[in-house]
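Scroll down for the structure; my scribbles are underneath it.
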Amino acid sequence: MQKPDPAERVAAMLRIRRFEEQCILLSKAGRFPGHYHVYIGQEATAVTACAALSAEDFVFSTWRNHGHLLARGAAPDRMMAEILGKAGGYARGKSGTLHMAVRELGVPSTSALVGGSLPLAAGAALACKRRGSGMAVAFFGDAALEEGACYEAMILASLWQLPILFVCENNSIPPAQRKRGQYTSSTLPAAGMVDVPQALRIRAEVVDGADADALADCFGRLVPEVRSGGPRFVEVRCTRWPGNFPLWPELPSGEWQLAWAFGQTADRADLAAWLEQSDPLLMYLRKRVADGELTRAQAQALDARVKEEIAAAVRFALVSPYPDAEEAYRHVLAEGAR
Amino acid sequence: MRISFAEGLARAISESLAADPRVLLIGSGFVGLNTEARALLEPALREFSDRILVAPVSELALAGAGIGAALAGQRPAVDLSTGSFIFQAFAQVVNEAANVHYMSGGQSVAPVTFCSLAGMRGAGAAQHSHRTQAMLGQVPGLQILLPGGADDAYHLLKWALLESRNPAVFISHALLLGETAELTEGAPMLPVGQARIRREGRDVSVIASSITVPRALAAAQAMEREHGVSVEVVDLRSIAPLDRNTVLKSVAKTGRAVIADECNRSFGVAAEIAATLAEEGLASLKAPVRRVTVPDVPVPYSPPLEAELTVTAEKIVAAVLHVLGPR
């Protein structure tokens, strides 16, 4: 496996974080109407998983899809326009934040129903198996295991030996339990989440979602296994970012500060603790600075570049017009011959 | 060549598998508990066994896998067996398949076919007798194919498997499997979205679909024979798309309409046709329309109770006489 370029990895994680911060600010400013979910605190998962994939693979996500799409290579400006319901969005404003999809990147449809994408991912994996190349990745949260769709999709994956990687992003657990031990997840009565796929003969493991290096190793190993050996399940244990606890996301202590990785402390105690113990971006950055692969000045330059890219995306989205009323009637059915 | 409805299904499946390697079958029931019809399917299931997936009893994921495979370039048919079982798969059929193209702003297509054997089939009772077309008709993005004869069983299923660009729910009926029709080899299909005039007539239009088509035809024969009344029978063939024009043209000609529909009375297919006639065809009506439907009750098990609710040729005859008025 190729060793990732640390600067690229930091930039990829920063791109998601800065994008999500702007979403929160735009929502608070009343620039888009609905509820939404941000990926802050889980960036390392999407970035390392997508880095292990090929262009022909399929990615299925959830209502919390911004991070997966950005990691897959989606354009921040078209994504932001979609979130604002503008004509410049990938679906011309018809998907909004919850169902964002980019067909050309192998993200054909995104379900905002808990567990909704898992059967779709199994089907895409079936198509990959039939054509003899490619695989599917399904990202979902811990609550998906409370849905029958998840169980049924795992049955198909195991029975048909499909090339599918189930990535359960469990963001419900405290930091000390990320690496080992039992935990209380949402409301799943299983002692361990991985017990469920294992009962269906799907090999499953746990990885620390705050450790980008561990994640890269994990996906770098599992993706080839899936291609040649069938379904795998990984539970990524993340600790929820404090801004994701309120009903509507908030920015505790404002936008993320690079200085927090270099000795400065955040105002809010819960955020400060989360940054120290659970922030995959901050922890990765510190490690690379410590081992001399990156300097603070380089990180600052990366952040400035990413911020400008996201600012440009916001500008694009804001000036993009709303779709014409006629757009409401388009794409109910695909037209023309196949 | 005269073929049965079951033969039509078997031919459509077999020819589609042979014509396009992307066609695959998720499950292989399709004709339910009918052993004769199953025997007709056997050769195709043997010949193309590599494209027929063993399906666990996981309707929700099977439907979703069909959609996902379609999104990724395959052309799957998912056997959902008895029509009522589509409820086990509803989240995927209604909330995923139907929305894929629209939510992606036209980026993605999901040409998947959900096959079900719906309707009041005799002793199915409340949990195996649903007619799901009207409730599915409330879901934009789905095509709902509803063959009323063997010819359309063949044509519509083959079209769904080979030509359609959108998700389709193909609803056949257990009591239609033995019905026969003439099929001309190689003749072009009446396009999907066009109703079929099954019998031409002058005095009354009977608008029918699925199992009510042969019953409407029987009623039309009885009216001719016993009352000298000429009944036109319109077979809707699909309710999404719905061919309102053919219905309106027929009623413009006859001036009278009876709608025979196996859905429950309220909010059924008949209700939509009646609303169309009220909005756009009132000037041609010489009498109020009459619906022959299933009362708004669950379907009971006991044969005389089921018969009480069934849309029969006799009930259609009575409705035709009613719209003709005293003569």
Across peptide A:111-121, what mean number of C-beta atoms from other chains lies inside 10 Å of a residue's C-beta? 6
A student asked for the Cα radius of gyration and Dmax of the protein assembly as shown in angstrom ought to give 28.5, 101
With +1 at each Lys and Arg Cβ and -1 at each Asp and Glu Cβ, the charge dipole magnitude of the protein assembly as shown around its Cα centre, to the nearest 20 debye, comes out at 540
Helix-only mean residue ellipticity at 222 nm for chain B, each DSSP H run of n ≥ 4 adding -39500 (n - 2.57), per residue, nearest 500: -11500 deg cm²/dmol
Across bins of 5 angstrom width beginning at 0, how are the C-alpha pair distances of the stretch A:197-338 distributed, in whole percent? 2, 7, 11, 12, 13, 13, 11, 12, 11, 6, 2, 1, 0
Please compute, for peptide B:53-62, the average count of beta-carbon atoms on other protein chains lying within 10 Å of each residue's beta-carbon. 6
Paired Rg and Dmax values of the stretch B:40-187, which use every Cα atom, in angstrom: 15.2, 45
Give the shape of the stretch B:196-324 as rounded, prolate or oblate, defined through the alpha-carbon gyration tensor: a ≥ b ≥ c are the square roots of its eigenvalues, a/c under 1.5 means rounded, and otherwise the shape is prolate if a/b is larger than b/c and oblate if not. oblate
So, by mean Cβ neighbours within 10 angstrom, what's the order for B:172-183, A:288-299 with the highest one leading? B:172-183, A:288-299
Could you sort A:301-308, A:38-45 so that the peptide with the highest average Cβ count within 10 Å comes first and the rest follow in order? A:38-45, A:301-308
To the nearest 0.05, the calculated FRET efficiency linking B:H322 and B:A126 through their beta-carbon distance, R0 being 25 Å, is 0.25
Positive end of the charge dipole of the stretch B:196-324 (Lys, Arg +1 and Asp, Glu -1 on Cβ, about the Cα centre): tell me which of B:A271, B:V247, B:S209 has its Cα farthest that way. B:V247
Sorted by packing (mean other beta-carbon atoms within 10 Å per residue), highest first, where do B:102-115, A:205-218, B:314-327 land? B:102-115, A:205-218, B:314-327
Work out how far the C-alpha atoms of chain B reach from end to end along every principal axis, then list the three figures in whole Å, largest first. 63, 44, 41
Per-residue average of other protein chain Cβ atoms inside 10 Å, peptide A:148-160 -> 5
For chain A, would you read off the P(r) tail past 26 Å as a percentage of all alpha carbon pairs? 47
Nearest-0.05 FRET efficiency for A:D324 and B:E182, computed from C-beta distance (R0 56 Å): 0.70
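Each value in this text was obtained by applying a stated rule to the coordinates, not by laboratory testing. For clarity, every value in this text was computed on a predicted model and none was experimentally measured. Every residue, glycine as well, gets a Cβ built from its backbone with ideal geometry; the counts of neighbours run over all protein chains shown.
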